[in-house]
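Undergrad: Sharing a structure with you now.
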Amino acid sequence: MFITKKHIPRRTFLRGMGVSLALPLLDSMVPARTLLAQTAAAAAPRLGFVYVPHGAIMAKWTPATEGAGFEFTDILKPLEPFREHLNVVSGLGHKAADTTAVHSLSPTTWLSGVRPKATQGVDAFAGITADQIAAQAIGQDTVLPSMELATEDHSGLIGSCDRDYGCIYMNTLSWRTPTTPLPMEINPRKVFERMFGQGGSAAERKARIQEDRSILDAITRDASALQLQLGAGDRQTMTQYLENIREIERRIQRAEQSTGDEALALPARPAGVPFDFEEHVALMYDLMLLAYQANVSRVITFMVSREVSNRTYAQVGVSDGHHAISHHQNRPDKMEKNVRIQTFNVGMFGQFLEKMRSTPDGDGTLLDHTVLLYGSNMSNSNQHDHFPLPNLVVGGASGRMKGGRHLKYPDRTPMANLLVSMLDKAGVRQETLGDSTGALSNL
């Protein structure tokens with residue numbers, strides 16, 4: 001038997017007709033008899049930040065006991081299967097968001113801890129966000145250093161949205177520089193094509209849809225040739241990966257065809273945005289998973305809904321608008337409806353975690369090698385306060401983080417300390433973080 005160190009490069013792409021398709025990690029990318037830490041199988045750190053608006057009913061969010069063995073509360077119950085990967089982090093506050101302009105400042109301060117300049121004009125000035133610090137440190141050798149996703153269009157929100165602060169502060173979670181907010185993409189088709197190719201104008205995308213041309217169809221020859229070089233295990237991995245991509249593309253195409261009643265005078269919407277909110281959120285989570293799996297991006301932010309969203313949640317029997325019902329005035333019936341909405345969103349996040357846990361990655365799974373923050377930058381939505389914040393940190397950070405705990409810190413510990421800790425767990429170097437003495441040492 002001859003053993004060689006020949007292997008397929010990790011940055012192998014399948015190409016064809018304007019498509020460049022990244023591949024998942026395969027055994028064939030690992031040279032024989034080589035330490036995993038010196039190969040493509042070395043765990044690549046990944047970070048994700050998932051934001052939900054309008055806080056939480058904290059009595060139904062916060063576990064009653066600290067440390068290990070805590071009982072999952074009503075809202076967090078869907079995440080109980082992920083106990084070993086999950087930490088509930090309590091006691092944190094965000095002083096930078098403490099102002100009357102709560103809805104504008106909640107998104108823009110969540111990942112920065114910096115109160116932005118009070119302005120309604122084009123001279124916005126905010127803090128660089130944690131995701132962009134990570135993108136500079138661990139994202140530069142990926143196709144997309146960072147991805148910014150959402151489900152609700154912010155393009156019509158301009159000018160003054162909240163007191164002295166412009167809508168620009170409400171429209172994104174991510175700031176690359178103090179003067180450069182990054183737009184959040186709501187269209188799954190555009191996200192898909194940004195990841196894998198075949199972009200172009202709206203007219204070109206529409207023509208492809210009508211022709212029913214698949215991105216995978218464009219790389220069939222290249223994929224077939226690669227399969228001949230792979231072992232049985234890798235062929236199975238590749239087949240599943242390509243089937244997942246085709247299924248996501250099929251779901252996007254189905255959403256594009258669901259245009260509703262043409263006789264109604266509906267406002268224009270970008271092609272590819274599903275009418276069904278649950279399907280939209282699920283597609284965005286699946287695109288996040290693909291981006292991590294194929295190493296297209298290691299840093300992703302996702303705004304599940306925007307602040308002041310009045311979306312209704314028929315899925316859980318709530319016909320009230322979310323923003324309206326968030327002003328619950330401590331009425332039990334309204335608070336219970338908020339719990340239903342918040343539990344629904346946590347459940348959708350749990351479905352994403354299950355797929356992450358089921359996706360092999362090197363010597364573990366994607367969930368083992370990722371750090372995810374799920375939460376809101378508001379606490380009690382009726383009071384519009386920013387303490388105590390609802391935060392979950394999920395993932396294994398490639399062995400650098402253990403789960404199964406409710407971590408309670410002294411009241412009003414800065415939220416920024418958690419961000420520094422997450423960046424450290426994801427492998428962002430100490431010199432990049434600067435003074436990190438406030439990091440949560442036991443995370």
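The values are calculated or read from the model by the stated rules, or taken from the named source; none is laboratory data. All of these numbers come straight from a predicted model, not from anything done at the bench. Positions of Cβ are backbone-derived with ideal geometry, glycine not excepted, and every protein chain shown enters the neighbour counts. Side chains are part of the model used for accessible areas, which takes the heavy atoms of the whole protein and leaves out ligands, DNA and RNA. Shrake-Rupley method; radii C 1.70, N 1.55, O 1.52, S 1.80 Å.
Undergrad: Can you tell me how much longer the chain between Thr119 and Gln315 gets when fully stretched, taken as 0.36 nm per residue apart minus their C-alpha distance, in nm with one decimal? It would help to have the intermediate numbers written out before the result.
TA: Details: separation 196, 0.36 × 196 = 70.56 nm, distance 3.82 nm.
Roughly 66.7 nm would be gained on extension.
Undergrad: I would also like to ask the following. For Thr359, enumerate residues with amide H under 5 Å from its amide H, sequence gap 5+ or separate chain, H modeled in the peptide plane.
TA: The answer is Leu366, Leu367.
Undergrad: For region 132-144, take each phi angle, set θ = phi - 60°, evaluate the Karplus expression 6.51 cos²θ - 1.76 cosθ + 1.60, and give the result in whole Hz per residue in order, putting x for glycine and proline.
TA: These are the phi-based 3J(HN,Hα) values: 7, 4, 5, 4, 5, 8, 10, x, 6, 9, 10, 4, 10 Hz.
Undergrad: What's the ranking of 351-362, 293-304, 229-240, 403-414 by average number of surrounding C-beta atoms within 10 Å, highest first?
TA: Put in order of decreasing packing, that is 293-304, 351-362, 403-414, 229-240.
Undergrad: So how much slack lies between Asp276 and Asp98, counting 0.36 nm per residue of separation and subtracting their Cα-Cα distance, in nm?
TA: Details: separation 178, 0.36 × 178 = 64.08 nm, distance 3.42 nm.
Additional length available on full extension: 60.7 nm.
Undergrad: Report the FRET efficiency, 1/(1 + (r/R0)^6), for Thr65 and Gln351, where r is their Cβ-Cβ distance and R0 is 25 Å, rounded to 0.05. Walk me through the numbers on the way to the answer.
TA: Details: r = 27 Å, r/R0 = 1.08.
About 0.40, to the nearest 0.05.
Undergrad: Report Thr65's accessible area, 1.4 Å probe, all protein chains in place, as a number in Å² to the nearest 10.
TA: My reading of the accessible area for Thr65 is about 70 Å².
Undergrad: List the residues, sorted by chain then number, that are 5 or more residues from Ser174 or on another chain and whose placed amide H is less than 5 Å from its amide H.
TA: Excluding prolines and chain starts, which carry no amide H, the hits are Leu182.
Undergrad: Right, another one. Students often get this wrong, so check it: of Lys95/Lys408; Lys334/Lys408; Lys77/Lys408; Lys337/Lys408, which have C-alpha atoms separated by over 22 Å? Please list the in-between numbers first.
TA: Working: Lys95/Lys408 18 Å; Lys334/Lys408 28 Å; Lys77/Lys408 19 Å; Lys337/Lys408 27 Å.
Going by Cα-Cα distance, Lys334/Lys408; Lys337/Lys408 fall outside the 22 Å limit.
Undergrad: Continuing with this model, one more query. So if each residue of separation counts as 0.36 nm, and I subtract the Cα-Cα distance between Arg412 and Arg400, what length gain in nm does that give?
TA: Numbers: separation 12, 0.36 × 12 = 4.32 nm, distance 2.55 nm.
The span from Arg412 to Arg400 would gain 1.8 nm if fully extended.
Undergrad: Explain nothing, just compute: Karplus ³J(HN,Hα) = 6.51 cos²θ - 1.76 cosθ + 1.60, θ = phi - 60°, for every residue of region 180-186 in order, whole Hz, x for Gly and Pro.
TA: 10, x, 9, x, 9, 8, 9
Undergrad: Let's test the formula: R0 of 30 Å, r as the Cβ-Cβ distance of Arg429 and Thr179. What FRET efficiency results, to the nearest 0.05? Intermediate values should be presented prior to the final figure.
TA: Values: r = 25 Å, r/R0 = 0.84.
In this case the efficiency is close to 0.75.
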